[in-house]
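All remarks here apply to the structure that follows.
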Amino acid sequence: MRVITGIARGRRLKELPGLETRPTTDKVKESVFNIVQFDIEGRRVLDLFGGTGQMGIEALSRGAAFCSFVDLRKEAAAVIRDNLAHTGLADKAKVTQGDYLAFLTGCREKFDLIFLDPPYGSGMLEKALAAIAKIDIATENGIIVCESAAEAALPALPAPYRMGRDYRYGKIKITLYHRGV
């Protein structure tokens, strides 16, 4: 697992031991960043189920202004901090070890780009989407990038949010949501 491009290009990232974390493959990560490439520079990013931090770190490497990382596990938060230090991006990030719903309900900021990649089939993705729409933490024209199993049916969200396109990569589906004005 490595940073694909930007100021930290080529840097290898630490991974979490065991099978509990399923990092996004480089192929899928590269495709996601090709889709949102013009929506990164200077933006505020949320990597809600941080894992290793690779999605938020890639965004920072490509010019995002700031990224908030959230993961429940102490080990994951430590790996994210290590990866941020290794890539020299720690000064543009904040790592929170805690529950995603607690973070969202206490959130007092808005984000331009939100990455959601919880464990497949856990129901966490749907709960996170509902909380994000209810609390309305995406900026005007903000984008939510969801990774799920290809067969997962994701919910429609209330206005001003709308579901965008699905992209399929084998057993993985990327779904975009957009916040209108």
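Since every read-out is calculated from the coordinates, none of them should be taken as a lab result. Predicted model, so just to flag it, every value in this text is computed and none were measured. Ideal geometry is used to build each Cβ from the backbone, glycine not excepted, and the neighbour counts take in all protein chains shown.
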Conditions (1) in a helix (DSSP H, G or I); (2) over 22 Å from VAL36 (Cα atoms); (3) aliphatic (A, V, I, L, M): number failed by VAL95: (1)
With the requirement that a residue be under 13 Å from the mean Cα position of the chain (by Cα) and either in a loop (DSSP other than H, G, I, E, B) or without any contact (Cβ under 8 Å) to a residue 60 or more places away in the chain (or both), what does region 1-42 give you? PRO23, THR24, LYS29, PHE33, VAL36, ILE40
Verdict on GLU58 being acidic (Asp, Glu), crowded, with 19+ Cβ neighbours inside 10 Å and outside any loop (DSSP other than H, G, I, E, B): yes
Per the filter on region 64-115, residues small (Gly, Ala, Ser) and under 16 Å from the mean Cα position of the chain (by Cα) are ALA64, ALA65, SER68, ALA76, ALA77, ALA93, GLY98
Taking region 98-133 as the region of interest, how many residues are without any contact (Cβ under 8 Å) to a residue 60 or more places away in the chain and touching a helix residue (DSSP H, G or I) at 6+ places or on another chain (Cβ under 9 Å)? 9
If we scan region 43-51, do we find a residue that is assigned to a helix (DSSP H, G or I) and not hydroxyl-bearing (Ser, Thr, Tyr)? no
Restricting the search to region 79-119, which residues are surrounded by fewer than 19 Cβ atoms within 10 Å (Cβ to Cβ) and under 21 Å from GLU30 (Cβ atoms)? HIS86
